[in-house]
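The next block holds one structure in the form of structure tokens; read it before the comments.
The values are calculated or read from the model by the stated rules, or taken from the named source; none is laboratory data. Remember, predicted model here, so these are calculated numbers, not experimental data. FYI the Cβ positions are ideal-geometry reconstructions off the backbone, even for glycines, and counts take in every protein chain you see.
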Amino acid sequence: MANSYLPNDDAGKMKWLNNMAVKLIGYAEVLLLSKETVQQVAEDAANFSYFIGNLNGFREYQKQVTAFKNILRDGEGGEITIRQPPAPAPPFPLRTAIFGRACRLAAAIKVNPAYNTAIGKDLGIIRETVAVNMLEMAPVLHCEMSAGHPLLRWRKNRMQGIHLYADRGDGRGNTFVTTSTRYEYKDMHPLPPLGQSAVWRYTAIYIDHDEETGRMSAEIKVVVAGIV
């Protein structure tokens, strides 16, 4: 669902839909929306909020059911009682495709003669753009070890990729390692001899249209050691 105004995560979607449900009441008359349409958005928002709010309870109940299943399978005898899910029933009858329905409504609202930008912003159906100075952007590197080798990750932030550099303490200084258009890179450079260690220092800079842009990242230090 390619709608730039719709958040990617469930918590964001819940907040967005709750806002629409509340604000839509005030615009129903001017946009000539039926009571059924406004009510459906309210029910969708309540149902989605119900499931988001009860996820932890559902997960805990799943653990309990799994434990009971294991006892039934491997226990030594006797009776057990399974607790019911720790949540009431959903507030309204459930209908699928909540956000498909909401986005179709948003599209219809945008072609309504009474629609304007202020309404769009209030309902959250216009993407709020934030100016980004690409000359000030810098990657943030993170590292974890994978089979003794550094596994570096970063966020692309809609950039083409990064140039990665490393100083391995071998007297060569900061040298180019790779161009990556992904969000991670496993450095398979030979490790120190068995029983020895070294500190590798990494930096990176974004690339856009094959040209370096923005600022160099902060340096991260990684201790590597020879392994069998």
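Counting only helices (runs of 4 or more DSSP H) that sit wholly inside the range 1-117, those with at least 3 residues that are in contact with a Leu (Cβ under 7 Å, 6 or more places away or on another chain) are 10-27, 35-53, 98-110.
With respect to (1) without any contact (Cβ under 8 Å) to a residue 12 or more places away in the chain; (2) acidic (Asp, Glu); (3) closer than 30 Å to LYS13 by Cβ, the lone exception for GLU211 is condition (3). Just give me the residues in the range 1-34 being farther than 16 Å from GLY120 by Cα and of a type in the set (A, V, I, L, M), in sequence order. If the condition is that a residue be farther than 16 Å from GLY120 by Cα and of a type in the set (A, V, I, L, M), then MET1, ALA2, ALA11, MET14 are the ones that fit.
Output the residues belonging to the range 182-215 that are at pLDDT below 95 and hydroxyl-bearing (Ser, Thr, Tyr). Matches in the range 182-215: TYR183, SER197, THR213. The residues in the range 35-77 that are closer than 30 Å to LEU123 by Cβ and in contact with a helix residue (DSSP H, G or I) (Cβ under 9 Å, 6 or more places away or on another chain) can be counted, and the count is 16.
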